[in-house]
Amino acid sequence: MKNRMNLAARHLAAAWLLLLAGCGHGAAQNGLPLRIEISHVVGEAPLRLGDSYKTSAGDGWSAERLRYYLSNFRLRRADSTWFVNPQSADSSRGYFLVDEADAASKQFQIGPIPEGTYSGIEFLVGVDAARNSAGAQTGTLDPARGMFWTWNTGYIFFQFEGHSPQSSDAEHALTYHTGGGADSPARSVFLQFQTPVQVTAENSAELHLYADLSRLFDGAHALRPATLPTAMDPKAAAEVADNSAGLFRIDHIHKLPKAGLAQGQ
Amino acid sequence: MKRSTPWLFALPLLGMLAAMPWAQAWMTAHATPRLQVPEGWPVPRYDFAGNPVTSAGFALGRRLFYDPILSRDGSIACGSCHQQFAAFAHLDHRVSHGIGGVNGKRNTPGLFNLAWQPDLMWDGSVHHLELQPVAPMSNPVEMGGSLALAVDKLRRNARYPELFAQAFGSPGVDSQRLLRALAQFTGTLVSADSRYDRFVKGKEAFTPQERDGLDLFREHCASCHREPLFSDFSYRNNGLDAAPRDAGRAVVSGRDEDQGRFRVPSLRNIALTAPYMHDGRYDSLEQVLDHYSGGIQPSPTLDPSLAHGVPLSPDQRTALLAFLDTLTDESFVHDRRFAETHD
């Protein structure tokens, strides 16, 4: 009798597990991903590594390297609730390392996004404090990728390296790195959609973000290579971090049918 | 049931074998340490739940610790500057020489009880035990390479891919596995069996002089060198220089009030870890006591508790030194599990 009860209980448990697994699986399958493409620009023109540009103050600058982390994506619904993009403690899922020199890194997907109407997107330029101090990571967060500080361990959130004739550093180098510990230079960015984005079972969207590097100098803080050739220590990096959050804008959003998403991957 | 019976006959034989001295020595040398929290100690800061210590993982970590393959030119291992007989400090070296014989700027600290340490390095620049090795590996005056370079060398090595697979249950050499294996070794370096520890447990007596030394220690030193880890892990300026030559903690924090502040080091195994201070300027504990009794240099960031120094009579000095000797953990520095092996 006892055995039969056990058997019945086991069957019930198995059924529950299947049901739960089914639900979980269904949820994961439900909804399409949202594609994000990033273009680095200076004003309206595409950024070219090595080209010379001028700030509004007349300082010259060029970029040789531009890399940064984006993470903690959220989509705001019309009813002011949020869809939080899943991140996993076991992998670097949800953490994106954008590198101007690597075309593939400038196009990625978040989601799957539940069906609904969304009015804006939020993300972090950098890595959240919890993950920044969570030990050895893999994938985009692998410290061997070189986006990791050893003099104050933690990720380099935003890395801009170039030159400026006004820089007093050796070879007129311009070096802006933000990252590190206690006073986190990770900055949150919220961008409102001009028209709400609909995600349905058949259609998702592609967000084309522009990151305007002229705003690195002409942003919330006016940064001048003559007085700030290098920013790395927490104090100097705070202003660079503020400006890095102001680089982003939505250039356009277009509808992306399910078929197009499948092809893109 | 039938099938397992023959094994039962082998059990007494195994027991006899295990009782033999050579077998015991073998087991001591090969057993895998686990992080056991000594009685009265706080909860460790490093959580092994995400990196469970296994015999193969620990052995891999130990092998990596002693292997110069982690340096750029294969000349410097972690163990080159962290010597077990010196409680993993670098005996007689004010600062250590790294790749190409270049000197570093700070004294090599001893390595023990790291699982309890909130931040690592003299200035607290490393916030996680697993990530600590990245600093010396990429420092041009230490191992001069990089994490990526080390991973690449290990992948191409004849032995390591197999050892990584054994340690982590699947093929693959990556930086996370490298750092976790090292943490299995460094995180289980527990030193908690000094004469002081046995005295606290009531298992061993102190001489009256050692007892006096303990009282003096608790009166004058223990507010910073807090028992049982003998550090409160704060950052303080202990008055070495009127104008600090090394900004210390301020490099990491960017705050002026941290100028010349360094992590309060543990005093465990202190008799073994000469020279002393962040720059290794003092060769002996006598010189250290000279400093605290009459050599404190005032500066804006000097720790207030040291404003008037720690004056000690000659007898008190002798007693304090006798007590500091009781912090030496002989079983730790002779623990064969932590020693370099050549298997």
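The values are calculated or read from the model by the stated rules, or taken from the named source; none is laboratory data. Just so it is clear, the model here is predicted, and its values are computed rather than measured. Note that each Cβ is placed from the backbone with ideal geometry, even for glycine, and that neighbours are counted across all protein chains shown. When the accessible area is computed, the model is the full protein with side chains, heavy atoms only, and any ligands, DNA or RNA have been set aside. Shrake-Rupley method; radii C 1.70, N 1.55, O 1.52, S 1.80 Å.
Residues in the range B:110-119: is at least one under 17 Å from B:Ala77 (Cβ atoms) and at pLDDT 95 or above? Give the steps one after another, and end with the answer.
Going residue by residue through the range B:110-119, those that are under 17 Å from B:Ala77 (Cβ atoms) are B:110-111.
Now drop any that are not at pLDDT 95 or above, which leaves B:110-111.
Yes.
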Can you confirm whether A:Ser71 is open to solvent by less than 60 Å² (accessible area, probe 1.4 Å), assigned by TED's automatic domain parsing to the domain that holds A:Phe160 and touching a residue at least 60 places away in the same chain (Cβ under 8 Å)? yes
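Just for the range B:179-221: of the residues that are in a helix (DSSP H, G or I) and acidic (Asp, Glu), which one is nearest to B:Val43 (Cα to Cα)?
Here the residue is B:Asp197.
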With respect to A:Tyr176, determine if the residue is modelled with pLDDT of 95 or more and open to solvent by less than 30 Å² (accessible area, probe 1.4 Å). yes
Considering only residues that are under 19 Å from A:Ser244 (Cβ atoms) and open to solvent by 50 Å² or more (accessible area, probe 1.4 Å), which ones fall in the range A:99-116? A:Ala101, A:Asp102
Starting from the range B:131-159, keep only residues that are more than 10 Å from chain A (Cβ to nearest Cβ), then list their pairs with residues that are part of a loop (DSSP other than H, G, I, E, B) and surrounded by fewer than 19 Cβ atoms within 10 Å (Cβ to Cβ) whose Cβ atoms are within a distance under 6 Å, requiring at least 6 positions of separation or different chains. B:Val141/B:Val102
Taking the conditions exactly as written (of a type in the set (A, V, I, L, M, F, W, C), away from every other protein chain (no Cβ under 14 Å) and open to solvent by 40 Å² or more (accessible area, probe 1.4 Å)), does A:Ala211 satisfy them or not? no
Return a yes/no flag: does the range A:33-54 have any residue that is aliphatic (A, V, I, L, M) and at pLDDT below 95. no
Return yes when A:Val125 is surrounded by fewer than 21 Cβ atoms within 10 Å (Cβ to Cβ) and in contact (Cβ under 8 Å) with a residue 60 or more places away in the chain and no when it is not. no
In the range A:138-157, the residues that are assigned to a strand (DSSP E or B), within 14 Å of chain B (Cβ to nearest Cβ) and over 24 Å from B:Ala181 (Cβ atoms): A:Ile156
Test: B:Pro171 is modelled with pLDDT under 95, more than 8 Å from chain A (Cβ to nearest Cβ), surrounded by fewer than 23 Cβ atoms within 10 Å (Cβ to Cβ) and farther than 26 Å from B:Thr328 by Cβ: no
Would you be able to say whether some residue in the range B:275-290 is in a helix (DSSP H, G or I) and farther than 19 Å from B:Asn107 by Cα? yes
Being hydrophobic (A, V, I, L, M, F, W, C), open to solvent by less than 30 Å² (accessible area, probe 1.4 Å), closer than 28 Å to A:Ala226 by Cα and away from chain B (no Cβ under 14 Å): is that true of A:Phe160 here? yes
Criterion first (of a type in the set (D, E, K, R) and either more than 30 Å from A:Glu44 (Cα to Cα) or within 13 Å of chain B (Cβ to nearest Cβ) (or both)) does A:Asp183 satisfy it? yes
Just to verify a result, which residue in the range A:233-252, among those that are buried (at least 19 other Cβ atoms within 10 Å of the Cβ) and touching a Phe, Trp or Tyr at 6+ places or on another chain (Cβ under 8 Å), is modelled with the lowest pLDDT? A:Ala237
Test B:Arg263 against the criterion of being more than 27 Å from B:Gln84 (Cα to Cα) and crowded, with 19+ Cβ neighbours inside 10 Å, and give yes or no. no
Quick one: count up the residues across the range B:194-226 that are of a type in the set (Asp, Glu), closer than 21 Å to B:Val310 by Cβ and surrounded by 16 or more Cβ atoms within 10 Å (Cβ to Cβ). 2
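In the set A:Ser119, A:Ser80, which member is surrounded by fewer than 18 Cβ atoms within 10 Å (Cβ to Cβ), away from chain B (no Cβ under 14 Å) and on the phi > 0 side of the Ramachandran plot? Show your work before the answer.
Working: A:Ser119 fails: on the phi > 0 side of the Ramachandran plot.
Of the residues listed, the single one that is surrounded by fewer than 18 Cβ atoms within 10 Å (Cβ to Cβ), away from chain B (no Cβ under 14 Å) and on the phi > 0 side of the Ramachandran plot is A:Ser80.
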Right, B:Ser299: surrounded by 14 or more Cβ atoms within 10 Å (Cβ to Cβ) and either farther than 23 Å from B:Thr273 by Cα or not assigned by TED's automatic domain parsing to the domain that holds B:Asp246 (or both) or not? yes
Is it the case that some residue within the range A:245-263 is closer than 30 Å to B:Leu131 by Cβ and either of a type outside the set (A, V, I, L, M) or touching a His at 6+ places or on another chain (Cβ under 9 Å) (or both)? yes
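Which one of B:Gly254, B:Gly309 is within 14 Å of another protein chain (Cβ to nearest Cβ), more than 15 Å from B:Pro109 (Cα to Cα) and over 20 Å from the mean Cα position of the chain (by Cα)?
Criteria check complete, one pass: B:Gly254.
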Give the residue that is farthest from the other protein chains (Cβ to nearest Cβ), with candidates limited to residues of the range A:163-173 that are small (Gly, Ala, Ser) and surrounded by fewer than 21 Cβ atoms within 10 Å (Cβ to Cβ). A:Ser168
State whether one or more residues within the range A:124-137 are assigned by TED's automatic domain parsing to the domain that holds A:Ser80, assigned to a strand (DSSP E or B) and farther than 19 Å from A:Ala245 by Cβ. no
How do the pairs read when you match residues in the range B:24-51 that are within 14 Å of chain A (Cβ to nearest Cβ) with residues anywhere that are open to solvent by 100 Å² or more (accessible area, probe 1.4 Å) and modelled with pLDDT under 95, using Cβ under 9 Å and keeping only pairs 6 or more apart or on different chains? B:Phe48/B:Arg34
Do we have A:Arg224 as touching a helix residue (DSSP H, G or I) at 6+ places or on another chain (Cβ under 8 Å), modelled with pLDDT of 95 or more, open to solvent by 40 Å² or more (accessible area, probe 1.4 Å) and basic (Lys, Arg) here? yes
